[in-house]
Amino acid sequence: MNIIDFKLYTNTTFVSLKYPNYRLWFIGQIISLVGTWVQITAQGYLMYELTHSMAYLGYMSLASGLPTILLMLYGGVFADRFSRRYLLIITQSVMMILAFILFFLVYFQVVLPWHILMLSVLFGITNSFDVPARQAFVFELVQKKDLSNAIALNSMMFNLGAIIGPAIAGIMYASMGASWCFLVNGLSFLAIILVLFGLKMDSLSKTKDKKPLKGQLAEGMQYCFKNETIRLFILLTLCTGSIGMSFTTLLPAWATDILKGNAVTYGYLNSARGLGSLMGALIVASIGSVTKRYGVLQTATFLFPIFLLLFALHDNLKMALIFMIGMGVGLIIIFNTLNSLIQSLVSDQLRGRVMSVYSVAFFGGMPLGSFLAGIIAEFIGARTTIIISSVICFMVAIAFYVKSKKPFALS
């Protein structure tokens, strides 16, 4: 690649960074997401250390996911009715407080499994209002022609956190203890909260639609289910999130029992997936054509279950890390592309509600799948559970390919 080609690639891949508000958002989010991944990694390993139960890992996922299923659709209505920026300030502040509470519980050595489950429920409630606002808020930071790129860069920052955070968590957990991981996460929220206060917005992001809350909710759901393209994309999100992502809840047990490692091993596994996700995000960010993105999406639906199966069949750490990278590439291409395609099809008046339906499929499906995976793994083992998941995901990929051969109005 010569200098001209490299400049063209960077100008295409990072075009959204030309917007000052988005640049601030990008920096604040990276700092906050590193902290988030530090806590995600430490919290999963702490629960397994306290209980030595894969079922409890599933309970923890369900505790955070159940509020998502019940409340996130209403979170989408809130994102369309009120200022998304101020809504995010509130949700991020609440999450910061929850992280500090967990820090104190662990630091003073009084933490019990039910504490983690209860805090997971409170996090899930807060996340139900945070996610739709955060996803729709990106539209206010860039012009519509660069929205797809901004969504891809959002995923890239998420996965930078997924690379750095777990590695920090594994080392910190092993050397200093779990409590400091939660303190780091609590402090990291300050970055994004300060950025949200500092953004220079032209106007508050309120919708002019003053329909009753239930009416707005019904309108968003009807739009999703009547639009054949969006309906197919949401179903693929649900299947991949609930069945494909369920392996993540078994990773603490996999690192300890299969790979004979510890918290550092678990951190490496998550970081490897994050590295693959970053690579996938860069691929999506560099693709401008809707047709090409759709082709890459179809390829990724087959790529992911193949790497998942290979991961389940090997006990070697080096091979496990390689396959985790491959899974990360496949997963992020699927979710990023679906996100950007859905957002390109919906008007801003319905954006929050439509993205809340998408988020319920992802954030609601994943905990339910993780809960079932944890229960099933208690009886048939983690390896067999992951193999079954990979086979089902491959069947879903075939079904999506057959169904998507019908032309859709993607432009």
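Run the numbers on region 263-411 and let me know its relative contact order in percent, using alpha-carbon pairs under 8 Å that are six or more apart.
Numbers: 134 pairs, mean separation 49.3, N = 149.
Relative CO of region 263-411 lands at 33 percent.
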Diffusion coefficient in µm²/s returned for region 309-387 by Stokes-Einstein, Kirkwood Rh over C-alpha pairs, 10 °C and 1.306 mPa s, is 106 µm²/s
Going residue by residue through region 242-259, the Karplus relation 6.51 cos²θ - 1.76 cosθ + 1.60 with θ = phi - 60° gives ³J(HN,Hα) values, rounded to whole Hz and with x marking Gly or Pro, of 7, 8, x, 7, 5, 4, 5, 6, 8, 4, x, 5, 5, 4, 7, 8, 8, 8
Among Ser175, Ser64, Ser271, the residue with the largest mean-square fluctuation in a Gaussian network model of the chain built from Cα contacts under 10 Å is Ser175
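Per 0.36 nm of contour for each residue apart, how much would the distance between Phe197 and Leu313 grow if the chain were fully extended, relative to their Cα-Cα spacing?
Numbers: separation 116, 0.36 × 116 = 41.76 nm, distance 4.86 nm.
Length gained, Phe197 through Leu313: 36.9 nm.
Using Cα-Cα distances under 8 Å and only pairs 6 or more residues apart, what relative contact order does the chain have, in percent? Walk me through the numbers on the way to the answer.
Working: 710 pairs, mean separation 120.2, N = 411.
About 29 percent, as a whole number.
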Out of Leu278, Leu310, Leu251, a Gaussian network model of the chain with alpha-carbon springs under 10 Å gives the largest mean-square fluctuation to Leu310
Largest fluctuation, Leu269, Leu345, Leu297 only, Gaussian network model of the chain with Cα springs under 10 angstrom, belongs to Leu345
Other residues with Cβ under 14 Å from the Cβ of Leu24 give, with Lys and Arg +1 and Asp and Glu -1, a net charge of +3
So, with points 7 Å from each Cα along the Cβ direction, the Asn262-Arg231 label distance in nm works out to 5.4 nm
Taking a ≥ b ≥ c as the square roots of the Cα gyration tensor eigenvalues, with a/c under 1.5 meaning rounded and otherwise prolate when a/b beats b/c or oblate if not, region 84-126 comes out oblate
By the DSSP-based rule, helices of the chain that are at least 18 Å long along the axis (C-alpha) and have a mean Kyte score of at least 1.6 are 84-107, 179-198, 317-345, 382-403
For Cys239, Cys181, ascending order of other Cβ atoms within 10 Å (fewest first) is Cys239, Cys181
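With all distinct Cα pairs included, what does the Kirkwood hydrodynamic radius of region 155-201 come out to in Å, to one decimal, could you say? Display every interim value, and only then the final one.
Details: mean 1/r = 0.0825 Å⁻¹.
About 12.1 Å for region 155-201.
Can you work out D for region 55-131 in µm² s⁻¹ from Stokes-Einstein, where Rh is the Kirkwood radius over C-alpha pairs, the temperature is 10 °C and the viscosity is 1.306 mPa s? All intermediate terms of the calculation are to be shown ahead of the outcome.
Working: Rh = 13.1 Å.
After rounding, the answer is 121 µm²/s.
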Quick calc, Ala55 & Leu190: beta-carbon distance into FRET formula, R0 35 Å, rounding 0.05, result 0.50
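Every number here is computed from the coordinates shown, using simple stated rules; none is lab data. Please read these numbers as outputs of a predicted model, since none were measured by experiment. Reconstructed Cβ throughout: ideal geometry from the backbone, glycine too, with neighbour counts over all protein chains shown.
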